[in-house]
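For reference, the structure is listed below as structure tokens.
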Amino acid sequence: MFAQLTLHRIFEEQAARTPDAQAVTDGRESLTYRQLNDLSDRLAAAIARQRPAPGARIGLFLRRGNNVVAAAIAVLKAGCSYVPLDPAYPPERVRYMARDASLDLVVADQDASAVLPDATVIDVEEARRRAPEPQAGQPAAESAPDAPAYVIYTSGSSGDPKGVVVSHRNVTALLDACDQVFDLRGDDVWTLFHSPCFDFSVWEMWGALAHGARLVVVPTEVARSPDAMLDLVVAERVTVLNQVPSVFRYLSRSAVARVEETGERPDLALRYINFGGEAVDLEAVRAWRRVHGTGTDFFNSYGITETTVLATCRRLPESEIDALPEGARDASADGSTAARVIPDPELNIGRPLDGFEVVLLDEWGGHTPPGRIGELCLAGPQLAIGYLGRPELTAERYPLLDLAGTGEFRRYYRSGDLAVALPDGTWEFAGRADDQVKINGYRIETGEIESALHGTEGVQDLVVLAVTSRIGERMLTAFYAPVPGADDREAEGDGDGGSGGQDVLAERLTARARESLPAHMVPRRFVRVPALPLTPSGKTDKRALTAQAS
């Protein structure tokens, strides 16, 4: 249905079919498809006046709101690709992304001179006020479906984030595949809950616009408040909601508390809640169903930026939601050769979306035997173009493989994620093969955090781990050892905000992290240790540190 079109053409055709339907709202204004199309034309004309080269990358330095949606469409209409730049990120990180993406042109809704002093800035509000021009709506250079549509930056193990280049066709393949799973309609109401720098937002934005639905852009302050988010879901009559399980957990608790306090059950319109980014929290789903009934279908999805948001999906059956089987997987020390004992429904990521081939490879690149854990490798039309300016990394992570031994090679993505094939044809997630972790759905290379913090005055060694708290919440924890002979009078506490006082080194580390890393990558805890423990082989004993923190 969508495969031969570019994303902006899909939107324009939808706007022609339903010009008066509500397209997007952000709490300040609502725009119909005609109005959103007109606004994107104005912005596209403003971009064209700067004469960017065909295929140029344009930065979006915008707060959450309707302007983000209009600007993304406008950039594509201008024959370019967009690069989201979150104003909430530290300036140093935004500047790095802008340099790495060679951004000479940025669309902004605020003063960007301090953060992006070398960029030409298009003021989105000024472009809004400017009268339409005769050429408005005509792209500076028409894009092909295989042309880049956007670049989203992900955490990098080398210490710098890396840009993933995704084409129009990658996204349209996602839309076509999801149409085989979801019954998406023009009367649906979606939320744009996630930051444009998080790839879940791609599915939220284009999934809504491609089907003529209404998109509710969730303000930052609402996204951070479960109570406010629940109010929005009720008031806007949201029907399609995408959530990271750890975020939904708080939304579910808020819903339960409200019903217990008031005795009233809100009238919800939700048809679908789709999880991604983490293991499902079935208890949170059960609690939600107890207070809101069984009218909502819950789905669990797996995917990554490099494979265009979603790669597998499944509907959670009522039998699993209402009765969690006992038992858990039996893993070896490194998780690489473990066999399954009893499937865990919270980790079941379902079957591949239409067009995907999923295989499990062992550490030597061969097929993993049935029932054993291997690395998830994926092939299909949703595989991204690759990493921006990093051909060696692209070749490494997107190898051409002849897995069938027929002499015909196919392009795969080696995800670094571990999984096991279950007898019913679904796949079960089994962790990572490296130091990448997931916190609130964000894939984070702990090595990037460590790189940012190394060299902090008074700190000799440091390692960052994901630790599970006593209430079951995953959080980043930095364990650090001071330089020998450091003045202990500066550090009269436990380094973790304990009763003994605040550790000066922890304060330095916290300040440095906040200056150079986005909020989701700043460790929640800083734990001081005399020295990092080592395994018999001389490596950092991460298990010992994790046990110490729990």
Among the residues that make up segment 406-423, is at least one of them among the aliphatic types (A, V, I, L, M) and free of Cβ contacts under 8 Å to residues at least 60 places away in the same chain? no
Single match in 500, 495 (criterion: under 33 Å from the mean Cα position of the chain (by Cα), at pLDDT below 90 and not hydroxyl-bearing (Ser, Thr, Tyr)): 495
Out of the residues in segment 92-131 that are part of a loop (DSSP other than H, G, I, E, B) and acidic (Asp, Glu), which is modelled with the lowest pLDDT? 104
Do we find a residue being in a strand (DSSP E or B) and over 24 Å from the mean Cα position of the chain (by Cα) anywhere in segment 384-399? no
Can you go through 163, 137, 159 and tell me which one is at pLDDT below 85, under 27 Å from residue 99 (Cβ atoms) and outside the structural domain of residue 520 (by TED's automatic domain parsing)? 159
Selection from segment 334-367 of residues that are among the β-branched types (Val, Ile, Thr), farther than 27 Å from residue 321 by Cα and modelled with pLDDT under 90: 337
So is residue 60 assigned to a strand (DSSP E or B), modelled with pLDDT of 95 or more and in contact with a helix residue (DSSP H, G or I) (Cβ under 6 Å, 6 or more places away or on another chain) or not? yes
Counted residues, segment 413-435 - those being within 21 Å of the chain's Cα centre (by Cα), crowded, with 20+ Cβ neighbours inside 10 Å and of a type outside the set (Gly, Ala, Ser): 6
If you go through segment 10-17 one residue at a time, do you hit one that is farther than 20 Å from residue 220 by Cα, in contact with a strand residue (DSSP E or B) (Cβ under 7 Å, 6 or more places away or on another chain), crowded, with 20+ Cβ neighbours inside 10 Å and at pLDDT 95 or above? no
Would you point out the residue of segment 175-211, among those that are farther than 15 Å from residue 238 by Cβ and among the acidic types (Asp, Glu), that is nearest to the chain's Cα centre (by Cα)? 199
If you check 398, 413, 442, which single one turns out to be in contact with a helix residue (DSSP H, G or I) (Cβ under 6 Å, 6 or more places away or on another chain) and at pLDDT 90 or above? 413
How many of the residues making up segment 523-541 are among the β-branched types (Val, Ile, Thr), outside any loop (DSSP other than H, G, I, E, B) and modelled with pLDDT under 85? 1
Here are some conditions: (1) in contact (Cβ under 8 Å) with a residue 24 or more places away in the chain; (2) among the hydrophobic types (A, V, I, L, M, F, W, C); (3) assigned by TED's automatic domain parsing to the domain that holds residue 69. Residue 1 meets all but one. Which one does it not meet? (3)
Looking only at residues that are without any contact (Cβ under 8 Å) to a residue 60 or more places away in the chain, outside any helix (DSSP H, G or I) and of a type in the set (Val, Ile, Thr) in segment 436-477, which one is surrounded by the fewest Cβ atoms within 10 Å (Cβ to Cβ)? 471
Boolean, residue 414 is in a strand (DSSP E or B) and more than 30 Å from residue 469 (Cβ to Cβ): yes
Candidate set: segment 184-193, residues that are part of a loop (DSSP other than H, G, I, E, B), free of Cβ contacts under 8 Å to residues at least 60 places away in the same chain and not aliphatic (A, V, I, L, M); chosen: the one surrounded by the most Cβ atoms within 10 Å (Cβ to Cβ): 193
Residue count, segment 209-245 (criterion: assigned to a helix (DSSP H, G or I), touching a strand residue (DSSP E or B) at 6+ places or on another chain (Cβ under 9 Å) and crowded, with 20+ Cβ neighbours inside 10 Å): 4
Any hit, segment 195-203, residues being at pLDDT 95 or above and more than 30 Å from residue 434 (Cα to Cα): no
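The values are calculated or read from the model by the stated rules, or taken from the named source; none is laboratory data. Note that the coordinates shown come from a computational prediction; the quantities given were computed from them, not determined experimentally. Here Cβ is always computed from backbone atoms with ideal geometry, including for glycine, and neighbour counts include all displayed protein chains.
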